[in-house]
Amino acid sequence: MSLSFWLLVLAFISVSSSTNPGVKVRLTEKGLEYGRQLGMASIQQKLKTIKIPDISGKQSVKGIGKVQYSLSNMQIVNVGLPKSAVDLVPDTGIRLSIDDAFLTLQGDWRVKYLRIVKDSGSFDLNVNGITISTSIAIKSDETGRPTVSSVSCAATVASAHIKFHHGASWLYNLFSKFIDKSLRNTLQKQMCPLVADAVSDINPHLKTLNVIAKVDQYAEIEYSMVSSPTVSNSSIDLGLKGEFYNVGKHQEAPFSPTAFYLPPQVNNMLYIGVSAYTADTAAFTYNKAGALSLYITDDMIPQSSPIRLNTRTFGTFIPQIAKLYPGLMMKLLLATDKPPIITFGSNNMTIQASGVVTAYAIQPNGTLSPLFALNVATSVSAKVSVSGTRLAGAVTLNKMDLTLRTSYVGEFQVRTLDSVLQMVVKAVVIPKLNVKLAQGYPLPTIGKMKLVNTQVKVLKDYMLIGTDVQFTG
């Protein structure tokens, strides 16, 4: 998974359309440096898997004549990558450079000369001055997920020195420079194919990108790309669709995202901007699914509360209820009548919701007798946080306004119910809503990605998440 974090983050990079994104992601130079560290550790292991074919040939040695030689069972025993760099190429992608790399091989040698003399032993090969430079391209596959490939590569090996052991090794070391050249050329030819294979090995991990991330039984969110990435000398900006849908039913919201821009911050590896559009599509999706409704019964009211959901309590405020339905328990149905409106301001996030609360008397046989219906307009303040790789929240009630919609028990003053229904909302509705919001919804992730040192700030029209990243596997 850790072959290169900077490539994995670029999993988000694939072109789909030119609409404004609901979510933006910025990878900074700090993130690239972390990726370089992970990438070099993985590439170092990859280099150890180099397979060098057996080598054989003939070489003239002064005083001996033609010597037939063969080198076999060659294995890498050490690899060093002391210098490497990852650079952004504006409007293009990423360039990986490795300099002054070295490796050590061991193997067996065998020679034959003067037609009858045979000898054998082992050898060490020290290869120094390896340089590799490759450019990496990213495209989208048929599922909307990215694939990566090495589109250009150059590799050189400055020197290779072989040392024979055992047998008449002192003699064969006399013509080792001819074998050095052959081995150097063989290794040099393998470097770029190896890098291409290493880049291709990332693709199975890229398929873990949660392009469609399920939230719960009602909703999922899409994180496909809506435009090409913007690559500068210091960062990569990319736009994600960031739209909620009902599970299995991708109906577009009846509104469009507006443009927003991330501030020039560089303290974290990764910045994620979540627009009010994304939050509004969540509200639209849950309202459409009928999930923004709640039946409230007396057993949900805290036992310590003097206010009970029965006709005796409500009869205190509306005498007709106690007269028409004496001694009965009650039930309230609270439901939105349109999607809530979510507003992001400077350090302030508010949600305005309107709906209807309908009160029922519960008859002995379980049937419900409607008592009244009130229009409800509420405003809540929200605080957001990141839990794991999910964006979570909690709300508190700012205000609630009630107006009469329908009465089945005659006229009454709605304001007499203000304190009762505010208590119900604060004691029942808000806590239940906060339990749901605490579960959060998934942010765009790849594999076993962990967010650390995370901060969330609410700005005008979007919220900004600044975070560092760790890969745990």
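The table below gives the values:
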item: Residues being crowded, with 19+ Cβ neighbours inside 10 Å and either touching a His at 6+ places or on another chain (Cβ under 8 Å) or within 16 Å of Tyr295 (Cα to Cα) (or both) - total across region 359-384; result: 8
item: Enumeration of residues in region 290-319 that are surrounded by fewer than 16 Cβ atoms within 10 Å (Cβ to Cβ) and either of a type in the set (Gly, Ala, Ser) or without any contact (Cβ under 8 Å) to a residue 12 or more places away in the chain (or both); result: Gly290, Ser293, Asp299, Gln303, Ser304, Ser305, Pro306, Arg308, Thr316, Pro319
item: Ile272 vs. criteria more than 24 Å from the chain's Cα centre (by Cα) and surrounded by 14 or more Cβ atoms within 10 Å (Cβ to Cβ); result: no
item: Index of the failed condition, Leu309 passing every other in (1) under 30 Å from Thr19 (Cα atoms); (2) among the hydrophobic types (A, V, I, L, M, F, W, C); (3) touching a helix residue (DSSP H, G or I) at 6+ places or on another chain (Cβ under 6 Å); result: (1)
item: Entirely in region 31-133, the strands (runs of 3 or more DSSP E) that have 3 or more residues that are of a type outside the set (Asp, Glu) and closer than 30 Å to Gly466 by Cβ; result: 83-89, 93-113
item: Residue ranges of strands (runs of 3 or more DSSP E) in region 182-261 with at least 2 members open to solvent by 40 Å² or more (accessible area, probe 1.4 Å); result: 212-214
item: Test: Thr445 is of a type in the set (Ser, Thr, Tyr), outside any strand (DSSP E or B) and under 30 Å from Gly31 (Cβ atoms); result: yes
item: Sole exception among (1) touching a residue at least 24 places away in the same chain (Cβ under 8 Å); (2) closer than 18 Å to Tyr408 by Cβ; (3) in contact with a helix residue (DSSP H, G or I) (Cβ under 9 Å, 6 or more places away or on another chain) for Ala322, by number; result: (1)
item: Residue within region 21-29 that is touching a residue at least 40 places away in the same chain (Cβ under 8 Å) and of a type in the set (Lys, Arg) present; result: yes
item: Options Thr92, Thr131; residue that is under 30 Å from Ser72 (Cβ atoms), open to solvent by 30 Å² or more (accessible area, probe 1.4 Å) and β-branched (Val, Ile, Thr); result: Thr131
item: Candidates Tyr441, Tyr462, filtered to the one that is within 30 Å of Pro204 (Cα to Cα) and open to solvent by less than 60 Å² (accessible area, probe 1.4 Å); result: Tyr441
item: In region 330-358, residue most open to solvent (accessible area, probe 1.4 Å) [restricted to those that are at pLDDT below 95 and small (Gly, Ala, Ser)]; result: Ser346
item: Lone unmet requirement of (1) open to solvent by 40 Å² or more (accessible area, probe 1.4 Å); (2) hydroxyl-bearing (Ser, Thr, Tyr); (3) modelled with pLDDT under 80 for Thr49; result: (3)
item: Residue pairs meeting the criteria (Cβ under 7 Å; at least 6 apart or on separate chains; first more than 15 Å from Lys24 (Cβ to Cβ), in region 212-236; second aromatic (Phe, Trp, Tyr) and open to solvent by 20 Å² or more (accessible area, probe 1.4 Å)); result: Val215/Tyr441; Tyr218/Tyr286; Ala219/Tyr286
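The values are calculated or read from the model by the stated rules, or taken from the named source; none is laboratory data. None of these values were measured; they are calculated from a predicted model. Cβ coordinates were reconstructed from backbone atoms using ideal geometry, including for glycine residues, and neighbour counts include every protein chain displayed. Heads up: the accessible areas ignore ligands, DNA and RNA and are worked out on the full protein's heavy atoms, side chains in. Shrake-Rupley method; radii C 1.70, N 1.55, O 1.52, S 1.80 Å.
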